[in-house]
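Structure first, commentary second.
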Amino acid sequence: MRYYILNIFLIIAGMAELVDARDSKSRDGDIMSVRVRFPVPKNRNKGSTMTVSDCVFCKIIARKLPAEIVAETDDVIVIKDIYPKAPIHYLIIPKKHITDLRSLEQADMSVVGKILLMVKKIAEQLSGSKAFRLISNNGLDVGQTVFHLHFHFLSGKKMLDF
Ligand code: AMP
Ligand code: ZN
């Protein structure tokens with residue numbers, strides 16, 4: 001009975017959806033059984049619906065948010081990551097709002113080439129071992145947090161953990 005009251009409270013509070021309600025017998029007599037489901041939070045898949053107006057990288061590109069700009073062309077911008085995970089941690093970002101590699105279109109092929117040429121240019125400017133790692137997270141489940149295509153350029157320390 002206690003669970004029944006709790007479930008009714010969750011439904012009224014909008015925290016759960018009613019899946020099934022029925023009378024069922026138990027050893028102690030008749031009890032009311034209510035099954036509820038907790039819905040996926042509304043912004044769980046925000047990434048796929050993120051628009052230019054709420055995209056942090058679009059805001060940086062439009063100079064509506066500050067960032068440390070390392071390089072810039074007509075199509076690509078390179079900024080320092082705000083939470084660096086290596087002594088050198090740049091983000092190489094196409095100026096066009098593309099959600100991730102899965103949403104690339106044929107028309108985006110030239111910008112992909114320009115991103116890679118930018119990677120080469122930045123790599124040439126490295127001192128020391130000149131080794132670097134390039135990472136792109138594609139999707140919530142692998143840690144993408146900004147849903148505007150970008151490549152992490154990491155260097156300046158040994159990274160033998162992959
Ligand atoms: P990801 O988690 O692969 O989507 O990478 C997003 C990256 O953007 C993270 O490493 C963040 O630290 C970085 N980031 C988020 N906001 C900013 C910002 N305003 N300026 C620079 N880097 C940012
Ligand atoms: Zn964007």
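The values are calculated or read from the model by the stated rules, or taken from the named source; none is laboratory data. Owing to the predicted nature of the structure, the values given are computational and were not obtained by experimental measurement. A quick note on method: Cβ atoms are made from the backbone with ideal geometry, for glycine too, and the neighbour counts reach across all protein chains shown.
Here no strands (runs of 3 or more DSSP E) wholly within the range 85-162 include at least 3 residues being outside the structural domain of THR51 (by TED's automatic domain parsing) and polar (S, T, N, Q).
Of all residues in the range 55-104, those satisfying the criterion of being within 13 Å of ligand 1 (Cβ to nearest atom) and basic (Lys, Arg) are LYS59, ARG63, LYS64, LYS80, LYS85.
Would you please name the residue that is surrounded by the fewest Cβ atoms within 10 Å (Cβ to Cβ), looking only at residues in the range 105-162 that are within 16 Å of ligand 1 (Cβ to nearest atom) and either farther than 16 Å from TYR90 by Cα or acidic (Asp, Glu) (or both)? For the range 105-162, the residue satisfying everything is PHE162. Scanning the range 87-102 for residues that are out of contact with any Ser or Thr (no Cβ under 6 Å at 6 or more places or on another chain) and more than 16 Å from ligand 2 (Cβ to nearest atom), we see that the one that is nearest to PRO66 (Cα to Cα) is TYR90. Taking the conditions (1) within 14 Å of ligand 2 (Cβ to nearest atom); (2) modelled with pLDDT under 95 in turn, GLN144 satisfies each one other than (2).
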